[in-house]
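The structure under discussion appears below in the form of structure tokens.
The values are calculated or read from the model by the stated rules, or taken from the named source; none is laboratory data. All values derive from a computational prediction rather than experimental measurement. Virtual Cβ from ideal backbone geometry, glycine too; neighbours counted across all protein chains shown. Heavy atoms of the whole protein, side chains included, go into the accessibility calculation; ligands, DNA and RNA do not. Shrake-Rupley method; radii C 1.70, N 1.55, O 1.52, S 1.80 Å.
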Amino acid sequence: MCGIVGYVGRREATPVLIQGLKRLEYRGYDSFGIATVGSALEVYKKAGRISDGEAGAASLRGSTGIGHTRWATHGEPNDINAHPHMDCEGKIAVVHNGVIENYSELKRQLQERGHIFRSETDTEVIVHLVEEHYDGDLLAAVNATLPSLQGSYAILAIVEDTQQIVAARDASPLVLGIGDSEVFAASDMTPLLEYTERVIYLEDGDIADITPDRLDIFHGGQRVERPIELISWCVEDTRKGGFAHYMLKEIFEQPQSFYETIRAGVDDNVRQMIMDADEITLVACGTSYHTTLIFKYLAESLCNISVRTEMGSEFKYFVPPLHGLVIAVTQSGETADTIAALKMAKTRNCPTLAITNVQGSTVTRVADRTLLMRAGPEIGVAATKSYTAQLAALMQIINLRCDGAFNDVLSHAHLAIGDVLLYDVRDAVALCSKADHAFFVGRGAFYPVAMEGALKMKEISYVHAEGYAAGELKHGPFALLTPETPVVAICTPGPTYSVMASNIKEMKARRAPVIALGVDGDKELAEIVDIFIPIPNTHLLVQVLTASVVLQLLAYHTACALQRDVDKPRNLAKSVTVE
Amino acid sequence: MMQAVILAAGEGSRLRPLTRSKPKAMIPVANRPIIEYVIDALLENGIRDIVVVVGYRKEHVIRYLNKLDAPVQVVVQERQLGTADALRAAESEITDDFLVLPGDNYINAESIARIKKERNAMLVAEHPSPSNFGVVVIRNGLVREVIEKPEDAPTFTVSTGICSFTPDIFPYLLTNEIPDALSAMIASGRRIRAIPADDWQDAIYPWDLLKLNSRMLRGITPEIGGKVDASVIRRGVVRIGAGTTVGPNTVIYGPVTIGRDCNIGANTVIMPDSSIGDRVVLEPFTYVADSIIMDDVTVGSHSRIVSAVFGQGCILADHTTTYPSASFMEVGDRVLKEEFGAVLGDGVRAAPFTTFKNCIVGNGVTIEEGKTLVGLIEDGARVI
């Protein structure tokens with residue numbers, strides 16, 4: 001879960017690399033570094049944000065270079081542990097994204113042979129191994145190194161005096177961008193967008209030899225051709241414009257991304273796969289896991305199919321008995337746990353479907369079929385528009401299974417989302433920003449909505465929040481309710497309305513301030529709670545969406561009120577590419 | 001390098017209920033927000049350093065500006081106190097002579113060409129009802145006085161709000177309105193030239209949008225995206241966006257513009273001066289003339305829509321009629337009489353056989369079957 005970039009061509013490499021690393025900062029941002037080959041191999045690396053340390057890198061010259069932005073896994077974030085790492089003589093530099101699992105063994109062997117290690121990282125073994133094999137041919141040296149590595153990697157290597165990058169990947173993402181006499185490499189396509197729209201996705205086990213005029217890709221010792229694909233995202237989508245934060249921009253893009261995902265529809269192969277399924281298992285992590293839970297509640301009640309949801313991180317080690325369709329849900333398409341789980345499902349001969357936002361990402365190549373959501377690039381670390389776009393994709397599956405019963409509901413849902421964006425949640429924010437702890441409760445499909453609301457609150461505002469099924473609060477957590485612990489309750493008409501209302505009264509009796517989301521015009525509810533936030537009185541599917549968006553706004557404005565760094569919350573990275 | 005500051009922070013409250021989700025500058029006329037015409041006029045004159053001041057519903061304006069090809073700077077006016085306050089918000093971006101323009105009035109490129117040569121000048125225009133504007137008293141080609149919205153106007157010459165200034169105007173911005181700063185400059189002996197505009201249009205009240213719409217539709221270029229059935233009859237300039245389907249035997253007489261992803265049913269008739277937004281559904285046998293239909297509206301079959309403005313997301317069932325007529329109406333603190341069919345806010349829902357007769361309907365109003373509506377209906381009301 002780091003980001004890497006590389007450049008070979010005619011431009012000065014340093015600004016290209018720095019700009020690219022900034023676009024990748026969402027993947028990790030505790031330290032960064034770049035190395036360039038000009039008259040000599042020069043390296044600059046620094047702990048901290050790129051914007052704070054970039055001035056120091058400006059002196060690096062050369063039109064070939066590599067860069068790295070780090071989210072620490074081995075060794076704490078400091079100047080020495082930052083990438084690129086160099087060999088003993090300072091002639092070869094390597095950046096790496098992934099984890100080398102057998103690094104301690106390799107490190108011991110290398111130290112016995114006299115190599116001097118400077119950092120605590122797993123990456124440094126790669127560069128020393130390359131050094132051992134190097135005799136003037138970097139490609140051959142990297143090629144000879146890879147078999148001894150176990151784990152996941154995307155590697156870029158450069159050597160002094162040569163305009164060349166050698167790239168290799170296995171189980172970590174790497175994309176090449178093809179320009180005019182120049183080649184870019186990056187962990188994902190966002191840094192490439194401003195320079196080119198032609199990209200090549202490397203496959204696991206590929207090694208690429210990159211020079212300004214030539215690009216050769218090898219797989220298992222054979223030269224192979226990889227197709228050049230055109231990318232449809234544009235660079236404007238990845239800019240913040242006048243918005244204070246990417247997250248706010250992305251919250252406001254939700255009506256459009258929801259609508260576009262619905263409009264894109266489902267292709268016939270995927271449709272067949274969905275119609276044939278007699279049971280569905282979904283695998284996901286984090287926010288995506290919450291969308292699968294919502295799907296479970298909705299699909300089981302609306303289209304009478306049994307649905308299981310599994311966390312990717314657990315699934316791999318504790319595999320349940322599997323049959324029926326397995327759907328992996330991941331925004332980036334690179335979430336390591338989810339992909340590992342999907343591979344496991346394939347070994348059990350289950351049909352597999354990926355729901356992802358990134359065309360050409362790893363998951364699309366692992367799964368049998370892909371249902372693409374059209375959220376566009378999401379830069380804010382907290383998932384917002386990808387969450388609603390995932391719901392759009394999942395709701396389409398529900399709609400298919402119900403023979404199009406919700407066509408009208410889904411094609412108008414973006415209007416209701418647009419409506420709640422106009423709401424003023426200031427009173428609720430004032431309450432939450434003073435609190436150390438908060439509870440989010442709901443029933444049925446609104447239980448995972450509450451969990452997602454709590455997750456958003458935790459991850460960006462650092463207010464400790466717990467999502468609970470409203471009925472479970474009585475079985476323990478009630479002890480924690482105080483006049484300083486706000487409870488956010490989602491209470492909409494339906495079979496659970498009256499029991500939810502009595503839950504709220506119980507909480508009020510413990511003097512906890514209650515913020516309730518109910519349908520517009522629900523006067524009874526508005527009277528018993530402290531703050532009432534109305535959501536449009538529409539279909540259940542739409543209420544799930546609008547309630548989620550209100551909770552996003554609540555988390556966002558609370559984080560702003562507490563002056564948190566909304567787009568880069570501490571200790572988090574956007575796509576978790578290590579297990 | 002000449003700079004330009006576009007003021008797009010104000011709501012435009014006289015256009016309510018249409019300004020619920022967006023400021024006046026973002027209201028679509030011929031399917032383009034008004035501010036886009038202003039930006040175009042500047043770009044045509046080679047003015048590329050553009051600062052837009054946003055405030056009311058700023059997220060929607062910013063999202064829109066980000067999608068433009070031309071890069072524009074955005075500054076935020078936190079509270080909408082007035083035009084001079086908005087200009088102060090942009091002060092840090094100003095380095096050279098600059099133009100100030102309201103983002104919610106139409107202006108053509110020729111008018112900009114006339115004023116961009118001048119330092120300290122104001123574009124003025126003649127208007128039949130000057131008391132809605134700042135009335136300008138001119139002597140020897142110089143501005144003598146600006147009287148804001150007077151009861152009895154001494155002349156028909158009004159301010160377009162478009163001025164050219166040098167950066168040393170900022171010390172004169174003592175109050176929250178630009179006309180006060182002008183008076184202060186005149187009092188201190190500065191000369192402000194009055195320059196007649198070539199073409200300038202404003203929409204004060206919602207029904208004025210129809211006139212502006214018909215004026216702007218004269219400038220559209222023909223383009224057919226989407227799927228248009230072979231039996232469709234088109235005359236005049238017609239623009240149809242990508243992803244739109246137009247069913248058999250439909251008649252479209254231009255100038256008409258239709259957005260993206262619409263569904264125009266079979267046997268519908270669309271007459272001149274109509275603008276139809278994105279994702280609009282017109283069911284079969286419906287007639288539309290001289291109207292603005294914004295995004296995501298659905299109009300049922302056998303409807304007759306004339307002289308109407310529909311806000312986004314309205315869902316109107318079959319046999320809806322808008323009937324142009326004129327009656328007295330209290331808008332703000334004025335009593336007005338103007339002929340038009342209907343102005344509907346966002347998300348109005350009407351049951352079958354609803355008739356709108358010279359009527360302004362607020363946002364989110366629900367109407368039961370067979371009603372005839374006249375006059376003003378408040379936001380969120382239920383008509384039973």
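Looking across segment B:238-254, the residues that are assigned to a loop (DSSP other than H, G, I, E, B) and open to solvent by less than 30 Å² (accessible area, probe 1.4 Å) come down to B:241, B:244, B:247, B:250, B:254.
Among the residues in segment B:275-288, are any more than 17 Å from residue B:213 (Cβ to Cβ), away from chain A (no Cβ under 14 Å), open to solvent by 10 Å² or more (accessible area, probe 1.4 Å) and in a loop (DSSP other than H, G, I, E, B)? There is at least one residue in segment B:275-288 that is more than 17 Å from residue B:213 (Cβ to Cβ), away from chain A (no Cβ under 14 Å), open to solvent by 10 Å² or more (accessible area, probe 1.4 Å) and in a loop (DSSP other than H, G, I, E, B).
Here segment B:296-315 is the region considered, the condition is being within 14 Å of another protein chain (Cβ to nearest Cβ) and in contact (Cβ under 8 Å) with a residue 40 or more places away in the chain, and the residue that is most open to solvent (accessible area, probe 1.4 Å) is B:312.
How do the pairs read when you match residues in segment B:32-60 that are on the phi < 0 side of the Ramachandran plot and away from chain A (no Cβ under 14 Å) with residues anywhere that are open to solvent by 10 Å² or more (accessible area, probe 1.4 Å) and aromatic (Phe, Trp, Tyr), using Cβ under 6 Å and keeping only pairs 6 or more apart or on different chains? That search, which allows pairs on different chains as well, returns B:37/B:106. The set of residues in segment B:62-86 that are more than 8 Å from chain A (Cβ to nearest Cβ), within 20 Å of the chain's Cα centre (by Cα) and under 19 Å from residue A:424 (Cβ atoms) contains only B:80. Exactly one residue out of A:53, A:20, A:90 is modelled with pLDDT under 90, open to solvent by less than 50 Å² (accessible area, probe 1.4 Å) and on the phi > 0 side of the Ramachandran plot, and it is A:90.
Filter segment A:21-38 down to residues that are under 16 Å from residue A:82 (Cβ atoms) and assigned to a helix (DSSP H, G or I) and give me whichever is nearest to the chain's Cα centre (by Cα). Within segment A:21-38, the match that is nearest to the chain's Cα centre (by Cα) is A:27.
Within segment B:88-108, residues that are under 26 Å from residue B:213 (Cβ atoms) have Cβ atoms under 9 Å from residues that are surrounded by fewer than 18 Cβ atoms within 10 Å (Cβ to Cβ) and among the aliphatic types (A, V, I, L, M) in these pairs: B:99/B:2, counting only partners at least 6 apart in sequence or on another chain. Going through segment B:142-174 one residue at a time, which ones are surrounded by 12 or more Cβ atoms within 10 Å (Cβ to Cβ) and either without any contact (Cβ under 8 Å) to a residue 12 or more places away in the chain or over 27 Å from the mean Cα position of the chain (by Cα) (or both)? Within segment B:142-174, B:142, B:143, B:144, B:145, B:154, B:166, B:167, B:169, B:170, B:172, B:173 qualify. If the condition is being over 26 Å from residue B:1 (Cβ atoms) and part of a helix (DSSP H, G or I), then segment B:113-166 contributes B:130, B:131, B:132. For segment A:428-458, a residue qualifies if it is closer than 18 Å to residue A:519 by Cα and either within 14 Å of chain B (Cβ to nearest Cβ) or open to solvent by 40 Å² or more (accessible area, probe 1.4 Å) (or both), and the qualifying residues are A:443, A:447. Only residues that are assigned to a strand (DSSP E or B) and farther than 17 Å from residue B:202 by Cβ were counted in segment B:3-40, giving 3. Looking at segment A:118-137 only, could you name the residues that are closer than 17 Å to residue A:105 by Cβ and not in a loop (DSSP other than H, G, I, E, B)? Result: A:124, A:125, A:126, A:127, A:128, A:129, A:132. Scanning segment A:432-450 for residues that are in contact with a Ser or Thr (Cβ under 9 Å, 6 or more places away or on another chain) and part of a helix (DSSP H, G or I) returns A:432, A:433, A:446, A:448, A:449.
Are any residues in segment A:337-362 in a helix (DSSP H, G or I) and at pLDDT 85 or above, and if so, which ones? Explain how you work it out, then say what you get.
Step one: list which residues in segment A:337-362 are in a helix (DSSP H, G or I), which gives A:337-347, A:362.
Those that are in a helix (DSSP H, G or I) and at pLDDT 85 or above: A:337, A:338, A:339, A:340, A:341, A:342, A:343, A:344, A:345, A:346, A:347.
Among the helices (runs of 4 or more DSSP H) confined to segment A:239-303, the ones with at least 1 residues that are acidic (Asp, Glu) and more than 11 Å from every other protein chain (Cβ to nearest Cβ) are located at A:268-276, A:286-302. Given the criterion farther than 22 Å from residue A:271 by Cα, open to solvent by 30 Å² or more (accessible area, probe 1.4 Å) and in a loop (DSSP other than H, G, I, E, B), identify the matching residue among A:419, A:424. Selected residue: A:424, the only one of A:419, A:424 that is farther than 22 Å from residue A:271 by Cα, open to solvent by 30 Å² or more (accessible area, probe 1.4 Å) and in a loop (DSSP other than H, G, I, E, B).
Consider segment B:332-369. How many of its residues are away from chain A (no Cβ under 14 Å) and open to solvent by 50 Å² or more (accessible area, probe 1.4 Å)?
From segment B:332-369, those away from chain A (no Cβ under 14 Å) are B:332-344, B:350-362, B:367-369; that's our starting set.
Okay, now just the ones that are also open to solvent by 50 Å² or more (accessible area, probe 1.4 Å), so B:332-335, B:337-339, B:353, B:357, B:368-369.
Total meeting the criteria: 11.
For segment B:70-93, the set of residues classified as under 18 Å from residue B:43 (Cα atoms) and crowded, with 18+ Cβ neighbours inside 10 Å consists of B:72, B:74, listed by residue number.
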